[in-house]
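**Q** The structure's right below; bear with me while I get my questions together.
The values are calculated or read from the model by the stated rules, or taken from the named source; none is laboratory data. The model shown is predicted, which means the values in this text are computed figures rather than measured ones. Cβ coordinates were reconstructed from backbone atoms using ideal geometry, including for glycine residues, and neighbour counts include every protein chain displayed. These accessible areas exclude ligands, DNA and RNA; they are computed on the full protein's heavy atoms, side chains included. Shrake-Rupley method; radii C 1.70, N 1.55, O 1.52, S 1.80 Å.
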Amino acid sequence: MRRTVLKSLAALAVSAAFCTPVLAANPVEISFYYPVAVGGAVTKTIDSMVADFEKAHPDIKVKAIYAGTYQESIVKALTAFKGGTPPTLAVLLSTDLFTLIDENAILPIDSLASSAEDKKWIAGFYKGFMENSQTEGKTWGIPFQRSTIVMYYNKALFKEAGLNPDKAPANWNEMVEAAKKLTKRDAAGNVTQWGVKIPSTGFGYWMFQAMTASNDTLLMNSAGTKTYFDKPGAVQALQHWVDLTTKEKVMPAGSIEWGTTPKDFLEQKAAMVWTTTGNLTNIRTNASFPFGVAMLPGIKHPGSPTGGGNFYVFNKTSPAEQQAAMKFIRFATEPARAAQWSIATGYVAPRQDAWDTPEMKKYLQDVPAADVAREQMKYGVAELSTHDNQRVTKALNDNLQAALSDTKTPEAALKDAQREAERILRSYGR
Amino acid sequence: MKRLPSSVLPWLLLSPAMVLLIAFTHYPALATLWHSFFSTPKGVRPSVFVGLENYRLMADDPVFWQALCNNLWFALGTIPLAIALAILMALWVNEKLAGRGVLRLAYFTPTVLPMIAVANIWLFFYTPQYGLLEQITGALGLPSHNWLGNPQTVLGALMVVAVWKEAGFFMIFYLAALQQISPVLAEAAALEGASRWQYFWRVQFPLLMPTTLFVLINALINAFRLVDHIVVMTKGGPDNASSLLLYYIYEVGFAFWDSSYAAALTVVLLALLGLIALVKFRVLDRRTHYQ
């Protein structure tokens, strides 16, 4: 008798090991990779969102894994995918879209969510954010921590320099004029306070894209197969950027670190900085002075690329896991929660209904600055994204740095970047 | 139980080490060489044999040549300095002076700190305007400088970190070697009226030669396998001015996912390291006097 019991128990254990989805009582476990690209306590916010989700869905367990920067996260996600154990769900750059498709690593969201109600949900996201999420007529990513670039400026320093602290520079010339007044030098001629800082490491291409967008120049086609780095409008934009250090002397020479730019602003070493709206909460909590948030001053008109991360569901995972991941995405993008996330971080809530919630309306009354990024989306363009994206982006970044550190002229740098991009993309154009 | 034939036992004893050596050294090296002759497989495109194409690509790749040159400069700039400093520090803490233990510990500290933490600390030192270095140079009235953001200075700035990190480590070997030298020699030198410098140059330095050789090989290998400082401090920038060979391999392999080109680059790195080992065994070893 005992033997039969043991045998059947063993058989049960074996069958359970082979067909977990059959036993509905067992919770489905999904892994969720997410990156942090801005300052502040984003990890804590994610952890509490995951805890809330698990409370609402006791049949699903979410293993949230902080995977480093965006670059490190895609390395980890793709390595895991190639090793056969991909994350079920990951937040990765929206610009990684083509890379993920080329590796066959992700599933189209509309293959998992195809009911009429699902279609309505997908249609509820801002068009500007969906440009980097859809291609080949399919939706591959769901906007989550999306952003645009904004300009933060120090109102106290504006007042000190005799500028109107309630009116930010609206165009490039005004920014240069203000920056001249805001750049301070000591007796020996050394700069103690810079007028403006536009970071050039890591996201240099992104900053540059804001300048070209405001100069009526696009950097790539929507199929991700062609780039236009050496168009006259782009060369002109880069010349403007370089001029800030060489001609106007209102920005430090050499490359400016993406990561320390918010700190430079908080330390009052730079009066105006360009960085993602995702830094808003970090700066709001840590600034010891009144500050303003403004749309980026453009060359011809305002302009900014969108940016940030999308949710992706990975291939080589079980259908039960994929459905659980979809539930999590739906949960995270519910109006109230998207609003809460936006308030906690400063990222732009990706749907109109999130902005219509009472919490958001109250927040906007307290922090009108939060609306700047959304307003700016009227002038938004899709972020630079092509096949072999990391490589093409590097070619542009390297050459931007070369121009900014004065080893190449803007024209030569962009010609080199374009030639390199054409070489990389030649097999995709056909 | 029957006795094993006498030839089996040694192989059995060797096998644990051999399995590890084959699994983690020889097989990966050969597999890398093999993969470097194929194209990179993509989700939609399987890998095909391309012969030497990856190597031809490398010959035309300006970033590869730059990384290689940077690496040679890096080795030239850091190794002699780190070794000289290590000898100096070892000579000093070998003396009978008060607080010797603390001093030895202080010199060794850089070695035990995790590299990523170290790089972050140095990143702060180099930060323009309010970093530690700037505060010192600023107090002296010197102009501000963007050390890591300027292609002319970035490699030098990274060399300083490497020397700081390596010298303390090498000091330990020199200290051990110095303590092996018989005090009789020092007494004899003193009797002969040799100066401090003569004693060092004629007696101590030649006797330290085996250590110098060992340290030199280690330093060379370290110079070619440095990657963590670069990741944290510069990401190879600006415009590849601080890209070293291993960092470039990492970038090609894991940022671009061009695994077969990364394999070809790795083969070149392996060949370089192999060459260094060969020089050690064939040339330097013969000119070194062991006690």
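**Q** Can you confirm whether the range B:155-170 contains a residue that is within 18 Å of the chain's Cα centre (by Cα), away from every other protein chain (no Cβ under 14 Å) and over 12 Å from residue B:78 (Cβ atoms)?
**A** Let us first name the residues in the range B:155-170 that are within 18 Å of the chain's Cα centre (by Cα), namely B:155-170.
Of the ones still in play, those that are also away from every other protein chain (no Cβ under 14 Å) are B:158-170.
Checking the rest, the ones that are also over 12 Å from residue B:78 (Cβ atoms) come to B:168-169.
Scanning the range B:155-170 turns up at least one residue that is within 18 Å of the chain's Cα centre (by Cα), away from every other protein chain (no Cβ under 14 Å) and over 12 Å from residue B:78 (Cβ atoms).
**Q** Name the residue, out of A:404, A:364, A:414, A:425, that is of a type in the set (A, V, I, L, M, F, W, C), within 30 Å of residue A:166 (Cα to Cα) and over 21 Å from the mean Cα position of the chain (by Cα).
**A** A:364
**Q** Please state which of the following conditions residue A:259 fails to meet, knowing it meets all the rest: (1) more than 27 Å from residue A:278 (Cβ to Cβ); (2) within 14 Å of another protein chain (Cβ to nearest Cβ).
**A** Tallying (1) more than 27 Å from residue A:278 (Cβ to Cβ); (2) within 14 Å of another protein chain (Cβ to nearest Cβ), residue A:259 fails exactly one: (1).
**Q** Hey, can you tell me all the residues within the range B:234-250 that are crowded, with 21+ Cβ neighbours inside 10 Å, within 13 Å of chain A (Cβ to nearest Cβ) and assigned to a helix (DSSP H, G or I)?
**A** Once the filter is applied, which keeps residues that are crowded, with 21+ Cβ neighbours inside 10 Å, within 13 Å of chain A (Cβ to nearest Cβ) and assigned to a helix (DSSP H, G or I), the range B:234-250 yields B:247, B:248.
**Q** Sort through A:369, A:325, A:373, A:336 and tell me the only one that's open to solvent by 40 Å² or more (accessible area, probe 1.4 Å), aliphatic (A, V, I, L, M) and either modelled with pLDDT of 90 or more or under 30 Å from residue A:219 (Cβ atoms) (or both).
**A** On the way: A:369 fails: open to solvent by 40 Å² or more (accessible area, probe 1.4 Å); A:325 fails: open to solvent by 40 Å² or more (accessible area, probe 1.4 Å); A:373 fails: open to solvent by 40 Å² or more (accessible area, probe 1.4 Å).
Answer to the check: A:336.
**Q** Hey, can you tell me all the residues within the range B:207-221 that are free of Cβ contacts under 8 Å to residues at least 60 places away in the same chain and open to solvent by less than 60 Å² (accessible area, probe 1.4 Å)? Please lay out each step first, then the result.
**A** First pass over the range B:207-221, keeping only residues free of Cβ contacts under 8 Å to residues at least 60 places away in the same chain: B:211, B:214, B:218, B:221.
Listed by number, the residues that qualify are B:211, B:218.
**Q** Here is a further query. Consider the range B:1-44. How many of its residues are within 26 Å of the chain's Cα centre (by Cα) and exposed (fewer than 11 other Cβ atoms within 10 Å of the Cβ)?
**A** Qualifying residue count, the range B:1-44: 5.
Residues are listed down the side, and each one gets a yes or a no for (1) out of contact with any His (no Cβ under 8 Å at 6 or more places or on another chain); (2) buried (at least 19 other Cβ atoms within 10 Å of the Cβ); (3) more than 27 Å from residue A:397 (Cα to Cα):
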site: A:119; (1), (2), (3): yes, no, yes
site: A:124; (1), (2), (3): yes, no, yes
site: A:152; (1), (2), (3): yes, yes, no
site: A:167; (1), (2), (3): yes, no, yes
site: A:174; (1), (2), (3): yes, no, no
site: A:181; (1), (2), (3): yes, no, yes
site: A:185; (1), (2), (3): yes, no, yes
site: A:200; (1), (2), (3): yes, yes, no
site: A:204; (1), (2), (3): yes, yes, no
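**Q** Something else: Tell me which residues, restricted to the range A:67-117, are basic (Lys, Arg) and either exposed (fewer than 15 other Cβ atoms within 10 Å of the Cβ) or modelled with pLDDT under 90 (or both).
**A** Going residue by residue through the range A:67-117, those that are basic (Lys, Arg) are A:76, A:82.
Within the range A:67-117, just A:82 meets the criteria.
**Q** Can you find a residue in the range B:62-82 that is in a loop (DSSP other than H, G, I, E, B) and either more than 23 Å from the chain's Cα centre (by Cα) or surrounded by 13 or more Cβ atoms within 10 Å (Cβ to Cβ) (or both)?
**A** Looking through the range B:62-82, none of the residues is in a loop (DSSP other than H, G, I, E, B) and either more than 23 Å from the chain's Cα centre (by Cα) or surrounded by 13 or more Cβ atoms within 10 Å (Cβ to Cβ) (or both).
**Q** Pairs only if they're at least six apart or on different chains, beta carbon under 6 angstrom, first in the range B:125-149 and within 9 Å of another protein chain (Cβ to nearest Cβ) and free of Cβ contacts under 8 Å to residues at least 24 places away in the same chain, second part of a helix (DSSP H, G or I) and hydroxyl-bearing (Ser, Thr, Tyr); list them, first residue then second.
**A** Final answer for the pair search is B:147/B:126.
**Q** Could you grab me the full set of residues in the range A:343-364 that are of a type in the set (Gly, Ala, Ser) and in a loop (DSSP other than H, G, I, E, B)?
**A** Matches in the range A:343-364: A:346, A:349.
**Q** I've got another one for you. Would you pick out the residues in the range A:95-116 that are over 18 Å from residue A:325 (Cβ atoms) and more than 14 Å from every other protein chain (Cβ to nearest Cβ)?
**A** Once the filter is applied, which keeps residues that are over 18 Å from residue A:325 (Cβ atoms) and more than 14 Å from every other protein chain (Cβ to nearest Cβ), the range A:95-116 yields only A:116.
**Q** Is it the case that some residue within the range A:72-94 is over 28 Å from residue A:26 (Cα atoms) and more than 14 Å from every other protein chain (Cβ to nearest Cβ)?
**A** Yes, there is a match, as at least one residue in the range A:72-94 is over 28 Å from residue A:26 (Cα atoms) and more than 14 Å from every other protein chain (Cβ to nearest Cβ).
**Q** Given the criteria on the phi < 0 side of the Ramachandran plot and open to solvent by less than 40 Å² (accessible area, probe 1.4 Å), does residue B:204 qualify? Let's see the steps before the verdict.
**A** Working: on the phi < 0 side of the Ramachandran plot: yes; open to solvent by less than 40 Å² (accessible area, probe 1.4 Å): yes.
In short, yes.
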